[in-house]
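The values are calculated or read from the model by the stated rules, or taken from the named source; none is laboratory data. Keep in mind that this is a model prediction, so the values were computed, not measured. Positions of Cβ are generated from backbone atoms using ideal geometry, with glycine treated the same way; all protein chains shown enter the neighbour counts.
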């Protein structure tokens, strides 16, 4: 066989559909493994069992990439203008802001490139193999296709294996397939088209052996494994720009063209029509540019987002990429994994079906505290006796153990399903440790997928008996009697089959429990002892329960117009049951991955829009669904915790990973990590995202009109042939002082009352909405009127030009303070105690700008620098204050008229 023929290909060979012998033959191997020489030859051919490391971008390229944003170019332009004016210190401050922004982005982007490294770290460092017919321990990186690997409980599977032998082998595949419980493995071939979660004859690289033993031949290593394929998907996924970045980019581009065009027109008008000297016309145009360019806006927006990050961190939502804060406010769809996200990722016995009816269990996780009720009533009498017998059998036919850890609470050592049985027994009044001491085990028949049951032999006080648990359809064939209120009775097999099917339809995993009396001297247990004549005690229905807080969070998201969709690798019945319990609106039917495979892109988009539950999905399905929703115009948040979620996490507008139970791959691919693994934190984060966007809107709504008013003053003076009421240097002072004191305080504003009762904003909504354009125009005109009124008043009083300009600068600052109090409430009046008192940030900002203006007006060094003169606090100060009060009152009248018009439209 040639080397090319031996080289495995996950795409070309369906290893799960080949028999064990055929797989060995295809790989040119044997049950005794490879020879050392052949292994060395194959590693030279196939390479080490590691995921290939992609060549990262150099640090210099990543750093320079932080400047590739038109807003930054505008900011650099403002710095250049400032330098041309001779204010090199101010220019250095602006350049410093640019540099800090670049450093923050550089650090955050560097962390994002660790996603592939996190997946590589999941490969186990060592593996037990058969080489030259002997068991050896080798580095996992040295495994080659054809190696025979031995697996035991606790091992991490080192490569994709085609199983040759399995004894009670169960593998935890939640990180890869989304399965809630360990999957039973068997060497038997399965259908070629079986989905990933049903390929029981394969053990996948990076998954964990939960129980049993196994042996398998390596079918794929490194990048050819399922883990490697997902790593490739992550590398191929293109990360999208966030809505705010897209909007800010469009806004900056348009603003730049408007400012340059307007400046050119005004320069031509002043030079040609007004007869200005070219130098004077150029200085006037510089004044327009300095006034119109919001040089502090990018820095304030960045700080606004950073404050949102801090607030979210206090709510256990750790944001890894700054713009994701704002994007959360635009989210219209949350695609959530089920296991560990909406559910607790802890199996729990929910119900027990017996001949006396249904028992319902209540309790959290694996904690022994809880209750078991009989059809809604306390358990007593015959019901209590039957429940005790059932619980005792569930404890004795069980290899798991429960223990309480200081940090993690109650955890299970062993199979999670068996741990759930122990917790159920404790809640039913059957303490596991005491029962095991009272009824010691003499012998056992371990669970095997071929006979599908586990049996144990116990004896005490001259009495021996067997306890059996397993698949309901198997145990019902082994039983001929059932335990009832009057003792044992004939088995009603049809009724029990119907009950088992009903539990499965509710999304539960069903286990049957039975027992049989044996001779008191029985010392060993055989299949003949238990495969007939059993007494059925009952059926146990287990489920991975939803988080209580997730139910409230889903309701809150749906009330806010955010659609919640479950995308899981688990079975459709289980997914549907959990969806109904958490209250998903579209929980009526689940769409499976097989159904999605039959849909073209257009049909997939329609199905993704309509359905809310998707089951038996693969990583490709999750990625396709996210892309389909985005094609429909949705802003998508994807939550998850497994390796299988990483590609979709990266492709989504906001990837949200679980912090406690999430894999490192998921965390590194996501924009946000939930420190508490609590889905409710998503709702809180979405709320905070909306607050951030509101505050961004307030910052813009405050910055543009104030800058626009200053620019309009200069333009009006040139058009009317009047003296400039303030100089370019004074304009720069106003912009720098107020942007860092007044503009910044809006970033600390709390949420308005209706924040989670509004629908998500449309991603295509322009940053400059119609209302914002109107507000810019209105406030700019009012500022212009106020400035010329104060300038005319000062000249009428006989003040010098320098004193009149000083009064104008102070009037602009006062009007900006008044406008600040008005813009804090965009949907309600500001004339309230809450509006008047402000927030600590507002009060600190106003106090700071007042002190700076006093220095600007009365401090000799600043008088010399900005050509100012002292003013009379009463004669000059009162008209300036009146201008601010008048502006605020006019804007409140405008708000009231607008609210009345909106109500009449409805």
Next item on the list: Could you tell me whether residue 212 is under 21 Å from residue 620 (Cα atoms), surrounded by fewer than 24 Cβ atoms within 10 Å (Cβ to Cβ) and in contact (Cβ under 8 Å) with a residue 40 or more places away in the chain?
Entry: no
Notebook entry, point to check: Which one of 689, 753, 708, 743 is closer than 30 Å to residue 335 by Cα and part of a helix (DSSP H, G or I)?
Noted result: 689
Check: Residues of segment 338-365 being at pLDDT below 90, touching a helix residue (DSSP H, G or I) at 6+ places or on another chain (Cβ under 6 Å) and in a loop (DSSP other than H, G, I, E, B), which ones?
Finding: 345, 347, 363
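Conditions tested, residue by residue: (1) free of Cβ contacts under 8 Å to residues at least 40 places away in the same chain; (2) more than 16 Å from residue 838 (Cα to Cα); (3) not assigned by TED's automatic domain parsing to the domain that holds residue 862.
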residue: 774; (1), (2), (3): yes, yes, no
residue: 782; (1), (2), (3): no, yes, no
residue: 794; (1), (2), (3): no, yes, no
residue: 807; (1), (2), (3): no, yes, no
residue: 811; (1), (2), (3): no, yes, no
residue: 816; (1), (2), (3): no, no, no
residue: 824; (1), (2), (3): no, no, no
Margin query: Condition check: surrounded by 13 or more Cβ atoms within 10 Å (Cβ to Cβ) and more than 12 Å from residue 530 (Cβ to Cβ). Does residue 476 satisfy that?
Written below: yes
Item checked: All positions within segment 320-337 that are out of contact with any strand residue (DSSP E or B) (no Cβ under 7 Å at 6 or more places or on another chain) and not in a helix (DSSP H, G or I) -> 321, 322, 323, 329, 330
Margin query: Please go through segment 366-378 and give me each residue that is surrounded by fewer than 21 Cβ atoms within 10 Å (Cβ to Cβ) and either assigned to a loop (DSSP other than H, G, I, E, B) or touching a helix residue (DSSP H, G or I) at 6+ places or on another chain (Cβ under 7 Å) (or both), ordered by number.
Written below: 367, 368, 369, 370, 371, 375, 376
Check: Condition test on residue 235, is it on the phi < 0 side of the Ramachandran plot and at pLDDT 65 or above?
Finding: no
Item checked: Residue list for segment 155-164, filter: in contact (Cβ under 8 Å) with a residue 60 or more places away in the chain and either over 20 Å from residue 13 (Cα atoms) or not in a strand (DSSP E or B) (or both) -> 158, 159
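Listed here are the residues, each with its yes/no results for (1) over 30 Å from residue 442 (Cα atoms); (2) crowded, with 16+ Cβ neighbours inside 10 Å; (3) within 16 Å of the chain's Cα centre (by Cα).
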| residue | (1), (2), (3) |
| --- | --- |
| 313 | yes, no, yes |
| 319 | yes, yes, yes |
| 331 | yes, yes, yes |
| 363 | yes, yes, no |
| 394 | no, yes, no |
| 397 | no, yes, no |
| 400 | no, yes, no |
| 403 | no, no, no |
| 413 | no, no, no |
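Results for (1) in contact with a helix residue (DSSP H, G or I) (Cβ under 6 Å, 6 or more places away or on another chain); (2) surrounded by fewer than 19 Cβ atoms within 10 Å (Cβ to Cβ); (3) outside the structural domain of residue 489 (by TED's automatic domain parsing), shown as yes or no for each residue.
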site: 380; (1), (2), (3): no, yes, no
site: 384; (1), (2), (3): no, yes, no
site: 419; (1), (2), (3): no, no, no
site: 425; (1), (2), (3): yes, no, no
Check: Do you know which of the residues in segment 858-876 that are assigned to a helix (DSSP H, G or I) and loosely packed, with under 13 Cβ neighbours inside 10 Å is modelled with the lowest pLDDT?
Finding: 864
Next item on the list: Please indicate, with yes or no, whether at least one residue in segment 507-518 is part of a loop (DSSP other than H, G, I, E, B), in contact with a helix residue (DSSP H, G or I) (Cβ under 9 Å, 6 or more places away or on another chain) and surrounded by 21 or more Cβ atoms within 10 Å (Cβ to Cβ).
Entry: yes
Checklist line | Selection count where residues are crowded, with 16+ Cβ neighbours inside 10 Å and in a loop (DSSP other than H, G, I, E, B), scope segment 547-582 | finding: 7
Item checked: Given (1) part of a helix (DSSP H, G or I); (2) at pLDDT below 90; (3) touching a helix residue (DSSP H, G or I) at 6+ places or on another chain (Cβ under 6 Å), number of the condition residue 899 does not satisfy -> (3)
Margin query: Going through 191, 175, 102, 118 one at a time, which residue ends up being more than 30 Å from residue 568 (Cα to Cα) and either modelled with pLDDT under 90 or not in a strand (DSSP E or B) (or both)?
Written below: 102
Check: Of everything in segment 836-857 that's over 30 Å from residue 869 (Cβ atoms) and over 35 Å from the mean Cα position of the chain (by Cα), which residue is modelled with the lowest pLDDT?
Finding: 836
Margin query: Suppose we filter segment 601-626 for residues that are touching a helix residue (DSSP H, G or I) at 6+ places or on another chain (Cβ under 6 Å) and assigned to a strand (DSSP E or B); how many remain?
Written below: 2
Check: Where in segment 627-674 are there strands (runs of 3 or more DSSP E), lying fully within it, with 1 or more residues that are modelled with pLDDT under 80 and under 11 Å from the mean Cα position of the chain (by Cα)?
Finding: 636-640, 654-658
Checklist line | Evaluation of residue 587 against (1) within 23 Å of the chain's Cα centre (by Cα); (2) surrounded by fewer than 24 Cβ atoms within 10 Å (Cβ to Cβ); (3) in a helix (DSSP H, G or I) (one fails), failing number | finding: (3)
Check: What strands (runs of 3 or more DSSP E) lie completely within segment 394-502 and have 3 or more residues being within 21 Å of residue 347 (Cβ to Cβ) and at pLDDT 95 or above?
Finding: 463-470
